[in-house]
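The values are calculated or read from the model by the stated rules, or taken from the named source; none is laboratory data. Keep in mind that what you see is a predicted model, and the values were worked out from it rather than measured. Here the Cβ is made from the backbone with ideal geometry for all residues, glycine too, and neighbour counts use every protein chain on show.
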Amino acid sequence: MSHSKLSQDLQDLLLHGDEDGIKMSELVVALGDRGFGLLFIILSLPSALPIPAPGYSTPFGIMITILAIQMMIGRKAPWLPQWAAKRTIGRKMAEKMIGTASKFFGKVEHLIKPRWTWVLAKSGHLIAGILIIVMACLMILPIPLTNTAPAMVIFIIGVAMTEDDGLGMLAACGLAVCAVLLYIGVFWAISHYGLQGVDELKEIVKGWLQQS
């Protein structure tokens with residue numbers, strides 16, 4: 001599957017729903033047995049990319065966990081409980097999500113391609129499912145400015161699954177380690193300085209990046 005096909009798949013999702021938005025149930029039906037990877041991409045987008053989307057991390061994190069468990073037990077097509085299936089992504093938000101994703105893929109398209117497919121074998125899906133669940137749980141935590149890293153891991157795993165990119169899956173594993181280390185640092189900062197410790201840690205990391 002090529003990058004352009006992935007972009008087209010995402011653009012096609014905007015054809016579903018009405019002017020009020022797109023129901024998750026409509027997305028699940030539209031994606032069918034291709035749905036796990038693309039749903040991971042869609043549900044992680046509000047937190048993974050610079051899109052102001054308050055209130056999405058917790059419900060989407062729960063949905064991601066439910067889907068990851070289904071993938072691990074070998075379910076062919078995704079399923080969501082009624083409360084999740086009824087949830088709607090607003091039309092403006094959906095258009096912003098897809099537009100931002102398209103710009104992102106435009107910058108990295110040359111890096112995404114089918115390779116090392118053995119990484120995505122059955123055991124690979126099990127590992128991916130465990131990683132996704134851990135990252136989704138971190139994404140759900142109500143800690144300001146911290147859910148981007150775990151959401152990006154889920155996003156990259158979704159891309160890797162959709163494009164059969166085993167190298168992308170390995171990259172996601174590396175980023176997952178970084179995300180866990182970030183949260184360890186955040187918990188340490190909170191335990192020593194309270195919630196303002198998150199801002200202190202942010203300034204420390206920003207200083208490191210400026211020096212590198």
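Could you list, in sequence order, all residues of region 138-189 that are modelled with pLDDT of 80 or more and of a type in the set (Ser, Thr, Tyr)? Across region 138-189, the qualifying residues are 148, 162, 183. For region 73-83, the criterion of being buried (at least 16 other Cβ atoms within 10 Å of the Cβ), modelled with pLDDT of 85 or more and not aromatic (Phe, Trp, Tyr) is met by at least one residue. Taking (1) charged (D, E, K, R); (2) surrounded by 13 or more Cβ atoms within 10 Å (Cβ to Cβ); (3) more than 17 Å from residue 157 (Cα to Cα) in turn, residue 113 satisfies each apart from (3). Among the residues here, residue 97 qualifies as touching a Pro at 6+ places or on another chain (Cβ under 8 Å), buried (at least 18 other Cβ atoms within 10 Å of the Cβ) and assigned to a helix (DSSP H, G or I). Screening residue 156 against (1) surrounded by fewer than 19 Cβ atoms within 10 Å (Cβ to Cβ); (2) without any contact (Cβ under 8 Å) to a residue 24 or more places away in the chain; (3) closer than 20 Å to residue 35 by Cα leaves a single unmet condition, (1).
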